[in-house]
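Beneath this line is the structure, given in structure tokens, with notes to follow.
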Amino acid sequence: MEKQHLYIFDTTLRDGEQSPGASMTKDEKIRIAKQLEKLKVDVMEAGFAAASPGDFDAIHSIAKIIKDSTVCSLARANENDINRSGEAIKPANSGRIHTFIATSPIHMQMKLKMSPDQVLEQAVKAIGWARKFTDNVEFSAEDAGRSEIDFLCRIFEAVIKAGATTINVPDTVGYNLPNQYANLFKTLRERIPNSDKVIWSVHCHNDLGMAVANSLQAVLTGGARQVECTINGLGERAGNTAMEEIVMAIKTRHDIFDVDTRIDTKQIVPTSKLISQITGYPVQPNKAIVGANAFAHESGIHQDGVLKCRETYEIMKAEDVGWKTNKLVLGKLSGRNAFKTKLVELGIELSDTALNTAFAKFKELADKKSEIFDEDLQALVSNVANNGSDSKNFENNQIATRFKLVYSHVDSETGEMPSAKIIISDNGEEKTGTATRGGPVDAVYQAIENVVNSGAKLMLYSVNAITTGTDAQGDVTVRLSNEDGSKIVQASGADTDIIIASAKAYINALNRLDNYVKREKAQGDI
Ligand code: KIV
Ligand code: ZN
């Protein structure tokens, strides 16, 4: 049987970025967009053009660079948002405007303070404004999962008539169950006379842990042919539908699904790692497909079975989703060329200056750690990106680095309170701080605060080992909020010494907070 195409619409750069602290710089968004193109997503939602000049600029730049995926911008159903989106996607080979308005009684009454008729009229106008820029227009009925079916039929029929080409039915608050959500699609497609003119799209949030199940059921029995999703399930609150799970469910159960995607599944794990490193959101070890344990066998019975016949306990091949065995790649004696070639193999392109810095850091790491794995190199490049060294970085929308760690010393002894001394460069001026606290990391963080006086609050601290072995690098993630709680950032730092990794992560987060202040000042918002 000929399989129908299932469109994969990635919204990591838009809905994914709405996770607390996951905001990305333009440079980081471009790196992700290039990787999403390699992964072969059909559509990438690059941002929300009207949200800020920075968002507009990132979408515009992505639209210039990306050739093989449609580049989309989100817009509320108003003329200004749609004009900003239209301008932002102008350079794209293929561009889309995605406009939305809420349709549930609670959203219309409490949030929009509009009647259903006003909402419908606004939606139709929005499609008209969007069609002036492109004939690829998506309409979303926000909170469709809690909207009245008669109203959904009315508004969808009207926007299709007005020229919408994709209709998205979001379960915005993750309230639906699989059968209910799939039936919603079935009913809509049966009752709306012009329903066959458009592609029907799912967009599920994971509040009840059912985003993937709801999306798959809507594809299987509801006739949906576009899935909106994010890498690692990143997104608001409990997140969005995880792309890797959708794609691999469809590929692995091709006996059940009559659809196929064009995703290059070997790019799944590299993409997952890139997103995790850039956003600082670690992937839980038992996460399906991309978790470190997803293909690990612990019990003797399972190991024995897999050695005799892989399929006894594996339904997918690790290599098919981009896992490589943890092979030794480079050592202390490797030269710059070998280093560069390996980075290119890992999909990492660096300017000559960044390559020199990364190579110097690699040599330092090779002195401390006998075996250097792919994961170490990815973390190292991420560290270099976070510590970009000149003021140009800010103009380039990378993370400007006001603070740098120069020196760190911790005394920790049984029965004694650990004490720390650190030296930080603050815009080139070295400052020393000391502190004694209940734990070594706590002491280092207090010593940094004694110098910086940021007033930032630590909201999350987590440590993961990047590879196996006792000489593995520790990857520390921290989430900080500024003093008044209005900005939240997340950052990570890696080092073979987890105290230093912790200090790097904290300083990277402080630099991110500092960047926000500078960017807002530059935009005249404060
Ligand atoms: O969850 C949602 O409803 C959304 C819309 C903007 C599509 O993200
Ligand atoms: Zn959403």
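The values are calculated or read from the model by the stated rules, or taken from the named source; none is laboratory data. These figures come from a predicted structure and were not determined experimentally. Please note: Cβ atoms are built from the backbone with ideal geometry, for glycine as well, and neighbour counts cover all protein chains shown. Note: areas computed on protein heavy atoms with side chains; ligands, DNA, RNA excluded. Shrake-Rupley method; radii C 1.70, N 1.55, O 1.52, S 1.80 Å.
When the range 175-186 is filtered for residues that are surrounded by fewer than 23 Cβ atoms within 10 Å (Cβ to Cβ) and either more than 19 Å from residue 219 (Cα to Cα) or within 16 Å of ligand 2 (Cβ to nearest atom) (or both), only 175 remains.
Each row is one residue, and each column tells you yes or no for (1) surrounded by fewer than 24 Cβ atoms within 10 Å (Cβ to Cβ); (2) of a type outside the set (A, V, I, L, M); (3) free of Cβ contacts under 8 Å to residues at least 60 places away in the same chain; (4) away from ligand 2 (no atom under 16 Å from the Cβ).
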| position | (1), (2), (3), (4) |
| --- | --- |
| 109 | yes, yes, yes, yes |
| 114 | yes, no, yes, yes |
| 122 | yes, yes, yes, yes |
| 126 | no, no, yes, yes |
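Per the listing 221, 252, the residue uniquely open to solvent by 10 Å² or more (accessible area, probe 1.4 Å), farther than 23 Å from residue 271 by Cα and polar (S, T, N, Q) is 221.
Residue 224 satisfies every condition listed in (1) closer than 21 Å to residue 4 by Cα; (2) part of a strand (DSSP E or B); (3) within 16 Å of ligand 2 (Cβ to nearest atom) except (2). The strands (runs of 3 or more DSSP E) found entirely in the range 396-509 that carry 1 or more residues being of a type in the set (Asp, Glu) and open to solvent by 50 Å² or more (accessible area, probe 1.4 Å) are 403-411, 429-436.
Counting just the residues of the range 187-211 that are of a type outside the set (S, T, N, Q), open to solvent by less than 60 Å² (accessible area, probe 1.4 Å) and assigned to a helix (DSSP H, G or I), which one comes out nearest to residue 120 (Cα to Cα)? Selected residue: 188. If the condition is being open to solvent by less than 50 Å² (accessible area, probe 1.4 Å), under 15 Å from residue 165 (Cβ atoms) and not small (Gly, Ala, Ser), then the range 130-143 contributes 134, 136, 137, 138, 139. Note on the range 238-264: residues that are away from ligand 1 (no atom under 16 Å from the Cβ) and more than 18 Å from residue 43 (Cβ to Cβ) amount to 11. For residue 146, the conditions (1) open to solvent by 10 Å² or more (accessible area, probe 1.4 Å); (2) over 16 Å from residue 102 (Cα atoms); (3) within 14 Å of ligand 1 (Cβ to nearest atom) are fulfilled apart from (2).
So is residue 289 more than 17 Å from residue 467 (Cβ to Cβ) and either loosely packed, with under 15 Cβ neighbours inside 10 Å or in contact with a Phe, Trp or Tyr (Cβ under 8 Å, 6 or more places away or on another chain) (or both) or not? No. Scanning the range 126-160 for residues that are part of a loop (DSSP other than H, G, I, E, B) and more than 31 Å from the chain's Cα centre (by Cα) yields one hit, 148.
When 219, 306 are checked against the criterion of being modelled with pLDDT under 90, more than 15 Å from the chain's Cα centre (by Cα), on the phi < 0 side of the Ramachandran plot and among the β-branched types (Val, Ile, Thr), 306 stands alone in meeting it.
Within the range 156-174, being of a type in the set (Gly, Ala, Ser) and open to solvent by less than 20 Å² (accessible area, probe 1.4 Å) holds for 163, 164, 174. If the condition is being away from ligand 2 (no atom under 16 Å from the Cβ) and touching a helix residue (DSSP H, G or I) at 6+ places or on another chain (Cβ under 7 Å), then the range 228-255 contributes 244, 245, 247, 248, 249, 251.
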